[in-house]
C-alpha cells in the first residue's frame with residue numbers, strides 16, 4: 001500500500017523494490033558507478049544550496065507552465081469541466097527539461113564533462129542537449145533509426161544544439177533499443193561519463209532522479225488548482241499519458257496522499273494501431289512481470305520471456321516496459337490505467353485543432369486527450385478533469401500531415 005507522508009520514490013525496501021517491482025538488477029561492472037550516483041543524489045537532494053539552484057533554474061530558466069480551462073472542449077463534450085496543465089510551455093517544449101536540468105547539475109557536481117542519454121520522441125535528447133549546452137557539457141544521444149526518421153524535427157534541434165546523435169539500428173530501432181545501447185556505452189565508459197536516463201525507468205536510482213525532477217509539475221499544479229477552486233475539488237481526475245512514465249509521476253506526485261475517491265490518477269498508454277495485435281500498453285494490455293533495463297516491471301514479452309515488438313504512432317510511448325513506480329501504483333490500486341489507439345489519437349488532434357488550437361499537444365499527450373473525449377460526456381458537471389499537455393506538436397507535424405493532410409498540420 002501507498003504510505004502517507006513518505007515520498008513515493010522512497011517507498012522501496014532495502015533492495016530498492018516497490019513491492020515486486022524495481023530493484024537494481026544490473027551488471028557487476030555498474031554496481032560502483034550506480035552506488036556513487038546514488039550517494040551523490042541522496043546527498044544533494046537535501047542540500048539547501050543545490051535546491052536553491054534547482055528552484056532558480058526551474059523558475060527563471062525553465063519557467064512556470066500555465067493552467068487553464070478548455071472552455072470550447074468542455075462545452076462541446078458536455079459533462080465534466082476540462083482543464084489543461086500546459087507543460088509544453090516549459091523551455092524546449094516538454095516535461096523532459098526538468099530531468100535535463102537536474103542531470104546536468106549532477107554531472108557538473110560529479111566532475112564529469114560528458115553525458116550520455118537515450119531518446120525516443122526526441123524530446124529528452126533535445127532538452128538534454130539544451131541543458132548540456134547551457135552547462136558546458138558534451139552529450140551523446142542514443143536514438144533508434146526508426147525514431148530518427150519519424151522525429152526529424154527534434155533530430156534537427158539536437159544537432160543544432162551541438163549534441164552527437166548515435167543512431168541505433170538494432171532490434172525494433174526504437175526507444176527500447178536506444179536505452180539498451182546507451183547502457184552498453186555507459187558500461188564501457190562509466191568513469192568519464194554521466195548517465196542520464198530520460199524517464200522513470202531503469203535501475204532504481206534513475207527512476208528516483210527522474211521522478212524527483214518532474215515533481216515540479218505537480219508542485220505548480222496543486223497551487224494552481226487551489227487558486228482556481230479555493231481547494232482541491234471533491235471530484236478531480238488527473239489524466240496523463242504513460243510510456244516510461246515520468247510526466248505522469250510528475251503530475252501526480254503532490255496529490256499522492258489524497259484519497260482515490262477524491263483525486264483519481266488515470267494513466268493512458270499507447271494502444272497501437274486499431275485492429276492490430278501490436279501496442280505499447282504493458283499495464284492495460286497484459287504485460288507480464290519481467291526484467292528490462294535493470295528493473296523488475298510489467299513487460300510485453302512472450303512465453304519464453306522474449307521482449308515482444310511494439311507499435312505506436314507516438315515514438316515517446318513506444319516502449320515495451322514501464323516505470324516500476326507505475327507498476328506499484330497499479331498493484332496498490334492507486335492509479336487506473338487504460339489505453340488509446342492511434343486512430344483515437346488522430347481524432348483527438350482533429351477536434352483540438354478545431355476547438356482549442358492554442359493547446360498544440362504532441363502525439364503522446366493526445367492519448368490522454370483521447371481518453372478525456374471518451375469519458376467526459378459520461379461524468380457529472382462537478383467533476384474536474386485536468387490533462388497534462390506535456391509535449392508540443394511541432395515534432396509530429398510530418399506524421400500528422402501524412403495521416404491527416406495539410407489541414408491538420410498547420411503550426
- [ ] Springs between alpha-carbon atoms under 10 Å, Gaussian network over the chain: tell me which of 371, 304, 24 tops the mean-square fluctuations.
- [x] 304
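Would you kindly state how much longer the chain becomes between residue 191 and residue 113 on full extension, computed as 0.36 nm times their sequence separation minus their alpha carbon distance, in nm to one decimal? Provide the component values of the computation, followed by the final result.
Details: separation 78, 0.36 × 78 = 28.08 nm, distance 1.09 nm.
Taking residue 191 through residue 113 to full extension adds about 27.0 nm, to one decimal.
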TODO: Just grab the label-to-label distance for residue 402 and residue 160, each label 7 Å out from Cα along the Cβ direction, in nm (one decimal).
DONE: 2.1 nm
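How much length is gained if the chain between residue 332 and residue 291 is pulled fully straight, taking 0.36 nm per residue apart and subtracting their Cα-Cα distance, in nm to one decimal?
Working: separation 41, 0.36 × 41 = 14.76 nm, distance 2.00 nm.
Between residue 332 and residue 291, full extension yields 12.8 nm more.
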- [ ] Would you mind calculating the relative contact order of the range 227-315 from Cα pairs under 8 angstrom and at least 6 residues apart, reporting the percent as a whole number?
- [x] 22 percent
- [ ] Output the relative contact order of the range 265-411, whole-number percent, from Cα pairs under 8 angstrom with separation of 6+ residues.
- [x] 22 percent
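Of all beta bridges DSSP finds with both residues in the chain, what is the antiparallel percent, to the nearest 5? If you can, show how the numbers build up before the last one.
Values: 16 of 53 bridges.
Around 30 percent of the beta bridges assigned by DSSP in the chain are antiparallel ones.
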Task: Rounded, prolate or oblate (a/c below 1.5 giving rounded, otherwise prolate when a/b exceeds b/c) for the range 179-295 by Cα gyration tensor - done: oblate
Task: Max mean-square fluctuation residue, GNM over the chain, Cα-Cα springs under 10 Å, options 365, 233, 320 - done: 233
TODO: Run through all the Cα pairs of the range 1-49 and give the fraction in each 10 Å bin from 0, expressed as whole percent.
DONE: 21, 44, 30, 5
Task: Relative contact order %, the chain, counting alpha carbon pairs below 8 Å whose residues are six or more apart - done: 21 percent
Open item on the list: Rounded, prolate or oblate for the range 268-411? Axes are the square roots of the Cα gyration tensor eigenvalues, ordered a ≥ b ≥ c, and the cut-off for rounded is a/c under 1.5.
Closed with: oblate
TODO: Specify the residue with the greatest mean-square fluctuation among 151, 216, 262, computed from a Gaussian network of the chain linking alpha-carbon atoms under 10 Å apart.
DONE: 262
- [ ] Among [x] 2.19; [y] 0.90; [z] 1.09, find the value of Cα Rg over 2.2 N^0.38 Å that was calculated from the structure presented, and write down its label.
- [x] [y]
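The numbers here are math on the coordinates, done by the rules we state, and not lab data. Keep in mind the model is a prediction, meaning the values are calculated, not measured. Using ideal geometry, Cβ is built from the backbone for each residue, glycine included, and neighbour counts are taken over all protein chains shown.
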